[in-house]
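The values are calculated or read from the model by the stated rules, or taken from the named source; none is laboratory data. These figures come from a predicted structure and were not determined experimentally. Neighbour counts run over all protein chains shown; Cβ positions are idealised from the backbone, glycine included. These accessible areas exclude ligands, DNA and RNA; they are computed on the full protein's heavy atoms, side chains included. Shrake-Rupley method; radii C 1.70, N 1.55, O 1.52, S 1.80 Å.
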Amino acid sequence: MSMTDCSHALTLAALALSFAAAAALPAQSQMRSGAAIETGASGLPVPRFASLKAQPVNLRKGPGLQYPTAWVLKRAGMPLEITREFEAWRQVRDAEGTTGWVHRSLLSGRRTAVVQPWDVKAGAARPIFDVRARASAASQIVVRFEAGALVGVARCDGTWCRVFHEAYSGYLQQKNLWGVYPREIVR
């Protein structure tokens, strides 16, 4: 192997390591770091959030039907973060960090979120979060959701999100939701 070939091999190895390290970072730090937002095959920003259209959905190990099923997603409306695109396939990550590939036809642009899923612990009581009538901590409480609740997202101003579930709607602090980025504006 020539010196040039070794140099190219080392450069490729370094690139592979940097991509692996970036994939391991939390999505929030990749999304809105001030750098230009990349677009995928769809022309839409990557990463971004979408939701699961149907249930059950096979989460595959690669971008195609020839790849084995790694997981089965069983919660329609679940928010998923699209982290990569390949033709009609989207690599997604759920709130627990599970990743895999789904066909774009199984995803919806409808915004949903999970209330503080990082506080859901097996065998432990789930924390309760106040949903307010207005985007203010001093506003009247209209309903309470527990950690792990799936809610629809109508809009976010970067600090508060208007959320809904069945007949209930109100404002929840954006920092308590997985399915929207910190300081993201949703209209």
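Looking only at region 70-92, count every residue that is open to solvent by less than 60 Å² (accessible area, probe 1.4 Å) and not hydrophobic (A, V, I, L, M, F, W, C) and tell me the total.
Matching residues across region 70-92 total 7.
Please tell me if Val114 is at pLDDT below 95 and under 25 Å from Tyr171 (Cβ atoms).
no
Here's a check for you: in region 74-89, which residue that is outside any strand (DSSP E or B) and either over 13 Å from Arg60 (Cβ atoms) or of a type in the set (D, E, K, R) (or both) is nearest to the chain's Cα centre (by Cα)?
Here the residue is Met78.
Out of the residues in region 136-182 that are closer than 21 Å to Arg110 by Cβ and of a type in the set (D, E, K, R), state the one that is surrounded by the most Cβ atoms within 10 Å (Cβ to Cβ).
The extreme case among them is Arg162.
Keeping to region 93-132, report how many residues are within 12 Å of the chain's Cα centre (by Cα), surrounded by fewer than 15 Cβ atoms within 10 Å (Cβ to Cβ) and farther than 24 Å from Thr159 by Cα.
Residues that pass the stated criteria total 1.
Name the single residue, out of those in region 55-70 being aliphatic (A, V, I, L, M) and touching a strand residue (DSSP E or B) at 6+ places or on another chain (Cβ under 7 Å), that is farthest from Ser105 (Cα to Cα).
Looking at residues that are aliphatic (A, V, I, L, M) and touching a strand residue (DSSP E or B) at 6+ places or on another chain (Cβ under 7 Å), I get Ala70.
Out of everything in region 55-75 that is of a type in the set (S, T, N, Q) and at pLDDT 95 or above, what residue ends up being farthest from Trp89 (Cα to Cα)?
Thr69
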